[in-house]
Amino acid sequence: MSPTRPIRSVREYERAQKRVAELVALGVKKGSPQGDELEMLGLLITAFDDEHHPLGPTDPVAAIEFQMNQRGLTRRDLEPFIGNRARVSDILNRRRGLTLSMIRRLHAGLRIPLQSLIETETDVGSAAVH
């Protein structure tokens, strides 16, 4: 597998993943020829994944919970962005959807991507934006 050309098949994709595992096991150094190979293979694998296995929109509650876990936040920490304790509970339990002002505050304050906070009418199992 040459990291100088795109991955075009599942077979090439699997070979690239195997080579990445080999390079990681070797503990290659960043900036070395093998480190460069590892970096290029990572980019090619990501491009193949993005083209053949695109991720759909994220559930807004999942995006909020992810940020909470990453930052060690509690429900109380969300009150400046969402509202009182009951409102935070309603949002996280999916009994109520996010308002536009909540989305703006969450995006500005916690840097949650807007696309992750916006739901569409086709979203299943969660409340729509109000």
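The values are calculated or read from the model by the stated rules, or taken from the named source; none is laboratory data. What you see is a predicted model, and the numbers here were worked out from it, not measured in a lab. Counting neighbours? That spans all protein chains shown, and the Cβs are built from the backbone with ideal geometry, glycine included.
Some values worked out for this structure:
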| quantity | calculated |
| --- | --- |
| Residues located in region 30-88, provided they are of a type in the set (Asp, Glu) and under 23 Å from the mean Cα position of the chain (by Cα) | Glu39, Asp49, Asp50, Glu51, Asp59, Glu65, Asp77 |
| Subset of region 74-94 [closer than 14 Å to Ala62 by Cα and part of a loop (DSSP other than H, G, I, E, B)] | Arg75, Asn93, Arg94 |
| Residue check, Val10 more than 19 Å from His107 (Cβ to Cβ), more than 20 Å from the chain's Cα centre (by Cα) and loosely packed, with under 11 Cβ neighbours inside 10 Å | yes |
| Selection status of Asp36, on the phi < 0 side of the Ramachandran plot and at pLDDT below 90 | no |
| Test: Thr120 is farther than 17 Å from Arg75 by Cα and modelled with pLDDT under 90 | yes |
| Whichever residue in region 47-61 is surrounded by 11 or more Cβ atoms within 10 Å (Cβ to Cβ) and closer than 29 Å to Gly109 by Cα and, among such residues, is modelled with the lowest pLDDT | Pro57 |
| Condition check for Arg71: touching a Leu at 6+ places or on another chain (Cβ under 9 Å) and farther than 20 Å from Ile118 by Cβ | yes |
| Residue check for Phe66: touching a Ser or Thr at 6+ places or on another chain (Cβ under 9 Å), part of a helix (DSSP H, G or I) and among the aromatic types (Phe, Trp, Tyr) | yes |
